[in-house]
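K.L.:
Before I ask anything, let me first share the structure, which is written out below as structure tokens.
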Ligand code: SF4
């Protein structure tokens, strides 16, 4: 296979268009909740999530994921990640390990 710059760009564009280069990037279904897809989260990680008492809607609006020190925001303001477990978390979610931002 000829690894010219042109071929590398062509292969990269093909993989990108198929969603293979950056899996998880992009949302093919705009109606779908970008934060609700737990299909790539293992059973074990789902158990960890549950043990930490994560919920999608914080009862106390002063203790949400979005104002937690362990929250990793994404380009979607309603969704992000947590440093403590795998999978998406909602900005309005919370868990038993909420920590104030430093
Ligand atoms: S530690 Fe809890 S409250 Fe903080 S970002 Fe993770 S899930 Fe949300």
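The values are calculated or read from the model by the stated rules, or taken from the named source; none is laboratory data. Every value quoted in this text rests on a predicted model; they were computed, and no experiment measured them. Please note: Cβ atoms are built from the backbone with ideal geometry, for glycine as well, and neighbour counts cover all protein chains shown.
K.L.:
Provide a single number: the residues in segment 81-94 that are buried (at least 20 other Cβ atoms within 10 Å of the Cβ), within 9 Å of the ligand (Cβ to nearest atom) and farther than 18 Å from residue 60 by Cβ.
P.N.:
Residues flagged as buried (at least 20 other Cβ atoms within 10 Å of the Cβ), within 9 Å of the ligand (Cβ to nearest atom) and farther than 18 Å from residue 60 by Cβ within segment 81-94 amount to 1.
K.L.:
Pick from segment 56-76 the residues that are part of a loop (DSSP other than H, G, I, E, B) and under 21 Å from residue 41 (Cα atoms): which of them is farthest from the ligand (Cβ to nearest atom)? So that I can check it myself, show each step before the final result.
P.N.:
Quick first cut of segment 56-76, residues part of a loop (DSSP other than H, G, I, E, B) only: 56-64, 69-70, 74-76.
Now restrict to residues that are under 21 Å from residue 41 (Cα atoms): 56-57, 70, 74-76.
On the way: 56: 10, 57: 12, 70: 4, 74: 12, 75: 17, 76: 15 Å.
Across segment 56-76, the extreme among qualifying residues is 75.
Condition check ((1) at pLDDT below 95; (2) surrounded by 15 or more Cβ atoms within 10 Å (Cβ to Cβ); (3) more than 17 Å from the chain's Cα centre (by Cα)) across all residues:
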{"position": "8", "(1), (2), (3)": "yes, no, yes"}
{"position": "15", "(1), (2), (3)": "yes, no, yes"}
{"position": "19", "(1), (2), (3)": "yes, no, no"}
{"position": "29", "(1), (2), (3)": "yes, no, no"}
{"position": "38", "(1), (2), (3)": "yes, no, no"}
{"position": "54", "(1), (2), (3)": "no, yes, no"}
{"position": "73", "(1), (2), (3)": "no, no, no"}
{"position": "79", "(1), (2), (3)": "no, yes, no"}
{"position": "96", "(1), (2), (3)": "no, no, yes"}
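K.L.:
Name the pairs: first residue in segment 55-67 and closer than 14 Å to residue 97 by Cα, second residue surrounded by fewer than 10 Cβ atoms within 10 Å (Cβ to Cβ), Cβ to Cβ under 7 Å, at least 6 apart or on different chains?
P.N.:
What qualifies is 67/101.
K.L.:
What's the number of the only condition in (1) away from the ligand (no atom under 11 Å from the Cβ); (2) touching a strand residue (DSSP E or B) at 6+ places or on another chain (Cβ under 6 Å) that residue 102 fails to meet?
P.N.:
(2)
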